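All remarks here apply to the structure that follows.
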Amino acid sequence: MPDPKPWYETTVAVFKRHEIRLIPFVPDNVLRPLIGAIQADPFFTSFSCTREEEAMGVSAGGWMGGMRSIVLMQTSGFATLPNVIASLSVPFQIPTLMMVSERGTLGEFNLGQALVAKTMRPVLDALALEHHTIARDDELEFILDRSIRQAIATRMPACLILSPLLTGGKVFAA
């Protein structure tokens with residue numbers, strides 16, 4: 001049986017299938033392999049943003065200009081977004097896609113990450129947003145594909161949370 005593709009290669013293939021070309025992101029070590037693969041591929045337009053709200057604004061502008069987009073960030077950055085989601089994405093029916101590397105679990109040392117990890121899903125529920133945590137390679141392609149389809153069809157935001165069980169998470173020094 002052949003080795004499965006790394007999670008980030010599957011993710012890139014799904015983005016291409018759905019014509020997601022614009023990728024604003026806030027740098028993150030866990031997402032580094034995905035960001036590297038995207039930046040190396042001329043299919044995508046990607047760039048680093050200083051804050052998650054900025055990346056969300058770029059994504060919204062892309063949608064209004066006819067481009068599909070996804071915002072890449074880590075857990076703590078999500079804490080800055082409820083106002084942007086509730087005042088821009090939802091009322092203007094922008095299917096903002098967010099991909100969040102989950103931090104704050106499985107041995108995390110950073111209290112800020114841990115607190116946001118505990119509140120992120122309740123906030124997404126309170127905003128009535130579709131969200132899925134992806135923990136296994138065998139579910140990655142299906143959940144990405146269906147979540148992107150649903151967000152675009154319903155013109156509603158969706159959040160894809162990448163578990164450390166999928167990505168390997170943050171590597172801590174011993």
message = Need one word for the stretch 99-155: rounded, prolate or oblate. Basis is the Cα gyration tensor (sqrt eigenvalues a ≥ b ≥ c); a/c below 1.5 gives rounded, then a/b vs b/c decides.
response = oblate
key: Percent of Cα pairs exceeding the 25 Å cut-off, where the set is the stretch 73-174   = 20 percent
query = Does a label point 7 Å from the Cα of Thr154, set along Cα-to-beta-carbon, have any residues of the stretch 98-132 with amide nitrogen under 17 Å, and which are they?
reply = 98-99, 121-132
request  = Would you compute, from DSSP H runs of 4+ residues alone, the mean residue ellipticity of the chain at 222 nm, taking -39500 (n - 2.57) per run and dividing by the full residue count, rounded to the nearest 500?
outcome  = -12500 deg cm²/dmol
ask   = For Met99, which sequence-distant residues (separation of 5 or more, or a different chain) have an amide H within less than 5 Å of its own amide H, given hydrogens modelled in the peptide plane?
value = Val71, Leu72, Met73, Leu160
task = Specify the residue with the greatest mean-square fluctuation among Met56, Met120, Met73, computed from a Gaussian network of the chain linking alpha-carbon atoms under 10 Å apart.
result = Met120
ask   = With each label point set 7 Å from Cα along the Cα-Cβ vector, what nm distance links Asp145 and Phe43?
value = 1.4 nm
key: Note, ³J(HN,Hα) from phi for the stretch 9-16, Karplus 6.51, -1.76, 1.60, rounded to Hz, x at Gly and Pro   = 5, 4, 4, 4, 4, 5, 4, 4
Ala86-Met64 FRET efficiency (beta carbon distance; Förster radius 25 Å; 0.05 resolution) = 0.90
J(HN,Hα) series, the stretch 142-154, from Karplus relation 6.51 cos²θ - 1.76 cosθ + 1.60, nearest Hz, glycine and proline x = 4, 5, 4, 4, 5, 5, 5, 4, 5, 4, 5, 5, 8
query = If you bin every alpha carbon distance in the chain into 5 Å steps from zero, what whole percent lands in each bin?
reply = 1, 8, 19, 23, 23, 15, 7, 2, 1, 0
ask   = Once label points are set 7 Å from the Cα along Cα→Cβ at both Arg32 and Phe109, what is their separation, rounded to one decimal in nm?
value = 1.6 nm
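Every number here is computed from the coordinates shown, using simple stated rules; none is lab data. Nothing here was measured: the structure is a model prediction, and the numbers come from that model. Cβ coordinates were reconstructed from backbone atoms using ideal geometry, including for glycine residues, and neighbour counts include every protein chain displayed.
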